[in-house]
Structures are given as structure tokens and as C-alpha cells.
Amino acid sequence: MIHIKAPGNWINDPNGFIYYQGKYHIFYQCFPYEPRWGRIHWGHAVSEDLICWEHRGIALFPTKPGDRDGCFSGSGVEYNGNMYLFYTGVKYLEEDPEDTNRCLGDQFVSAQMMITSEDGFHFDNVRDKRMIIPPFEDPEVAHKAHTRDPKVWRGENGWNMVLGTGGPEGSGKLLFYKSNDLHHWSYVNSVSKAGFGWMWECPDYFEVKGGKVLTLSPIGFLKDGYEEESQAICMMVDFDEASCTMKIPDHYQYMDYGLDLYAAQSTVDEEGRRIMVAWARMPEAVDGEWNGMFCMPRVAEAEDGHIFFRPHPNVKKAYCRQIETPFESGEAGYRLSIELEEGEEINIGGYRIFRREGKICTDRSMVSGKSEGRRMVFSTPELKKGYHLDVYVDPNLIEVFVNNGEFVITNTVYGLGSGICTGRKEELLLYTVE
């Protein structure tokens with residue numbers, strides 16, 4: 001199971017992604033009762049290699065005044081051998097009388113919470129939770145409802161935390177905190193910039209060989225008349241850890257040009273690579289039973305001011321068994337590689353990939369499922385050199401890596417056919433997981 005999928009009902013954001021005691025742990029927001037968003041819990045999946053994932057049930061669930069109506073997104077770190085999870089707890093101020101799993105009109109408050117585990121599997125939701133940052137009351141500092149998604153990391157001199165929020169002027173904002181013990185946190189600084197949505201969800205900061213990277217999921221960012229105005233973006237930044245000052249540039253990239261991925265979270269793998277996963281938004285449940293899945297693990301790297309997202313080496317190695325047709329592929333689907341010439345197209349079961357005017361484009365209009373209000377056609381920016389594609393095909397998710405991660409287009413699909421048409425005489429080579 002290379003793609004983590006909802007074991008049933010609903011999942012969204014990846015949380016607490018960490019390599020801990022020889023295993024990769026991903027927690028995820030879930031509503032365990034129906035295939036739709038509701039009062040959020042944390043599910044849990046574990047892997048030894050980022051390829052085979054095992055669902056381990058519910059890890060966090062509402063129990064305290066600070067999180068009685070939901071355990072929203074957060075992150076995980078290791079300290080003194082223990083796993084520490086940080087997340088946003090939600091308390092409704094006005095419930096929906098027709099559905100108490102939802103609130104009315106954003107009438108809720110958010111607090112930042114912490115819980116620990118000695119083994120990464122057992123969490124005492126009744127006795128071990130604590131509130132580390134209470135709800136904000138001053139709107140000039142932060143939004144009382146929309147302040148969330150703590151990302152914690154170890155710096156040169158202690159621990160750092162970044163939170164996403166929105167300012168009174170209608171611009172997204174980051175809040176930076178510091179701690180020496182993970183229990184007591186002190187506010188240090190804030191950073192904002194107009195033109196990047198009104199609230200910044202799921203902030204993540206990390207450093208790679210090529211520079212310093214900030215990833216965000218701004219709400220109200222892409223106003224082009226379609227659904228999902230909130231989009232995941234990334235950019236190279238200047239950051240001073242001591243003062244928590246950050247210079248945010250005007251230039252940004254979409255994390256994925258299929259515009260379906262959201263709420264990305266990164267960690268470091270056992271070899272020290274920075275790896276990322278993200279939620280693939282789906283407009284309807286598959287077979288009426290489950291909704292929500294994650295993209296495959298990707299390695300984030302930076303070269304000459306550009307951020308690349310490449311398939312993790314373990315994923316590339318896994319697709320090693322050559323097959324003749326998609327019928328021979330297993331649950332993980334299959335991979336194919338191709339060089340596209342200008343004007344050429346490949347049709348994968350109704351999903352079109354084509355090259356026009358120096359760009360790689362995709363069209364899912366024939367395999368979109370619910371189509372009203374959804375984007376159908378997607379494009380990379382103009383490519384400077386090379387048009388090599390590595391395409392990973394899952395029954396409900398297609399990931400198109402262009403020039404080894406220079407750009408990626410990922411789209412959720414429904415009713416994908418089994419045929420592949422290129423208009424070429426030579427046969428394509430397909431590979432599936434052993």
C-alpha cells in the first residue's frame with residue numbers, strides 16, 4: 001500500500017509524520033463514522049520502508065475541554081526517547097443542531113495541545129494531554145478560531161514552533177515560538193505578507209542542501225472561479241532562527257500543479273533526506289465507502305532557487321516487476337516512463353497527458369467523478385529543458401513527475417480505464433510493485 005488511503009470513512013491532513021524507533025509513523029485527521037468531514041480524530045499508520053503501510057486504528061480522540069470537538073493538525077518530534085505530538089484542539093461555541101459533529105459559522109476556539117508516548121503506539125488521551133498555548137483573545141495577535149497546525153522542530157538552541165493564523169487586515173500570518181523543554185513555550189515573532197490568502201494553514205519550515213524552504217496551504221489563495229481556492233504552495237525564504245525573522249518573497253511555486261494536493265507535511269527519513277506527503281482531496285467517496293488518500297512520499301530538494309519534489313528512492317525501487325498490461329498490476333498500480341514530443345499525447349484510461357507550447361498538461365474531464373465546479377485541465381510552467389515523464393498510476397490517483405521532479409501534476413480520478421494509447425508503434429514498458 002504505497003498510497004495511504006482511508007481504511008474506511010474519511011481522512012484528510014497528514015499529521016505527526018516522523019521516523020521513530022526504526023519505523024515511519026504517519027497520523028492523519030479522520031472522521032471514523034462516515035466518509036465525510038466531522039468531529040476530527042487522529043488515525044495512525046506505520047511502515048518500515050515507506051512502501052508497506054499498516055493502519056493502527058485511532059491514536060487521538062477528543063477528551064479534554066481544549067479538544068472536546070476535534071484534534072486538528074500538528075506534528076511530532078522525538079525527545080529523550082519519547083514521541084511528542086503537538087496538535088490543535090478545537091472547542092465548538094455553537095454546535096449545528098442537526099449535526100453535533102459540526103459547528104455553525106466558524107463559532108469555535110482553538111488551543112495548542114501536546115501528548116506523549118513512550119513507544120509511538122500507546123497514547124493516554126485521558127491523563128496525558130496538556131494545553132500548551134491557550135486560545136487567543138486579542139485579534140490583533142491571532143485569530144481565536146483560525147490559529148492552528150503547530151509544526152515543531154529542533155533548532156541550534158532549543159525547540160522552535162510555527163503556527164498558522166490570519167491577521168485582522170485579512171492577510172495570512174505565521175507565529176513563531178521557542179521552548180527549552182517542549183512544555184513551556186514563549187512567543188518570539190510573527191511574519192505576514194499580503195496577497196497570499198487570509199489564513200495560512202499547515203506551515204512547515206525546513207532546510208535542504210540548496211536553501212531554506214517554507215511550505216504553506218493558504219486559505220482563499222486561488223480565486224479562478226473553481227472549487228478549492230485554498231492551495232498548497234512553497235517558496236525559498238530567508239530565516240534567522242535566533243530572532244525568528246523570515247523574509248517571504250513574491251515568487252512561489254505550487255507544491256503540485258494538479259492542484260489537488262493540500263496540507264503537506266515533511267520529516268527526515270532514516271538517511272537524512274527531507275521527505276513530504278500531502279492529502280489528495282477527493283470530491284466524493286469511492287464506492288460510497290471511503291474518501292481521502294495521500295500522495296506517495298516525495299523527496300524535497302532545492303537547486304538554483306527551484307524546489308524539486310522527487311519520488312522517494314524506496315518507491316522507485318519498489319516498481320521493479322515488468323508487466324505487459326495494466327491488468328497485471330497489483331494494488332499499488334503501475335509506473336510508466338515516456339518522453340513527450342511537442343503535440344504528442346498519451347491517454348491512460350481516459351486521463352490525458354499532452355505537451356503544448358513547451359508545457360506538460362493533463363486533462364481528467366473523462367475520469368473526474370463529480371465534475372461541477374472542479375478544475376479539469378492542468379499545466380506546468382514552461383519547461384526550459386527536457387520533457388521526460390515518470391507516471392505513477394493508481395486507480396484513484398495519477399502522479400506525473402516531470403523531469404525528475406522539476407514539476408509534478410497529481411490528480412484524483414474515478415472510473416479510470418485499463419487501456420493506454422500513445423499513437424506510437426512501439427510498446428510502452430510498464431512496471432508494478434513486486
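The values are calculated or read from the model by the stated rules, or taken from the named source; none is laboratory data. These numbers come from a predicted model, not from an experiment. Cβ coordinates were reconstructed from backbone atoms using ideal geometry, including for glycine residues, and neighbour counts include every protein chain displayed. Surface areas here come from the heavy atoms of the whole protein model, side chains and all, with no ligands, DNA or RNA. Shrake-Rupley method; radii C 1.70, N 1.55, O 1.52, S 1.80 Å.
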*Return the sequence-ordered ³J(HN,Hα) values of the range 132-146 in whole Hz as given by the Karplus equation 6.51 cos²θ - 1.76 cosθ + 1.60 applied to θ = phi - 60°, using x for Gly and Pro.*
9, 9, x, x, 7, 10, 9, x, 6, 8, 6, 6, 5, 9, 9
*What is the set of long-range amide H partners of I4 at a cut-off below 5 Å, with H atoms built 1.01 Å from backbone N?*
F294
*If you average over every viewing direction, what projected area does the convex hull of the Cα atoms of the range 280-434 give, in nm²?*
9.6 nm²
*Once you have the Cα-Cα distance between E289 and C320, take 0.36 nm times their residue separation minus that, and quote the gain in nm to one decimal.*
8.1 nm
*In straight Cα distance, which lysines are under 24 Å from K178, not counting same-chain residues fewer than 8 positions off?*
K129, K144, K151, K193, K212, K247
*Amide H partners (placed H, <5 Å) of S368, local residues excluded*: Y414
*Hey, can you rank 354-363, 237-246, 171-180 by average C-beta count inside 10 Å, highest first?*
171-180, 354-363, 237-246
_For the range 8-111, which chymotrypsin sites (Phe, Trp or Tyr not before Pro) pass both filters: DSSP loop (anything but H, G, I, E, B) and at most 13 other C-beta atoms within 10 Å?_
Y33
*Cα-Cα pairs of the range 64-116 separated by more than 17 Å (percent)*: 42 percent
_Per-residue HN-Hα couplings for the range 21-32 [Karplus 6.51, -1.76, 1.60; θ = phi - 60°; Hz; x = Gly/Pro]_ = 6, x, 9, 8, 10, 10, 9, 8, 5, 8, 10, x
*Mind running the shape call on the range 77-216? Use the C-alpha gyration tensor, a ≥ b ≥ c as the square roots of the eigenvalues: rounded below 1.5 for a/c, prolate if a/b tops b/c, oblate otherwise.*
oblate
*At a Cα cut-off below 24 Å, give the lysines reachable from K385, other chains included and same-chain residues fewer than 8 away excluded.*
K209, K316, K359
*How much of the accessible area of the range 234-327, in percent, comes from carbon and sulfur atoms when a 1.4 Å probe is used?*
46 percent
_Sort 394-402, 369-377 by packing, meaning the average of other beta carbons within 10 Å per residue, with the highest value first._
394-402, 369-377
*Relative contact order (percent, whole number), the range 332-434, Cα cutoff 8 Å, 6+ residue spacing*: 35 percent
*Using unit Cβ charges (K, R positive; D, E negative) and no other charged atoms, how large, in debye to the nearest 20, is the dipole of the chain about its Cα centre?*
300 debye
*For the chain, what ratio Rg/Rh do Cα atoms give with a Kirkwood hydrodynamic radius?*
0.96
*For the range 178-185, what does the Karplus curve 6.51 cos²θ - 1.76 cosθ + 1.60, with θ = phi - 60°, yield as ³J(HN,Hα) per residue in whole Hz, taken in order and with x for Gly and Pro?*
9, 8, 9, 10, 6, 9, 10, 10
*With all distinct Cα pairs included, what does the Kirkwood hydrodynamic radius of the range 213-331 come out to in Å, to one decimal, could you say?*
16.8 Å
*Heavy atoms only, probe 1.4 Å: what % of the accessible area of the range 1-109 goes to carbon and sulfur, would you let me know?*
45 percent
*Cα to Cα, under 20 Å, and not fewer than 8 places away if on the same chain: which aspartates and glutamates meet these conditions relative to K370?*
E34, D224, E227, E228, E229, D260, E284, D287, E289, D394, E399
*Take the range 242-308, compute every pairwise Cα distance, and split them into 10 Å bins from 0; I just need the percent in each bin.*
16, 37, 32, 12, 3, 0
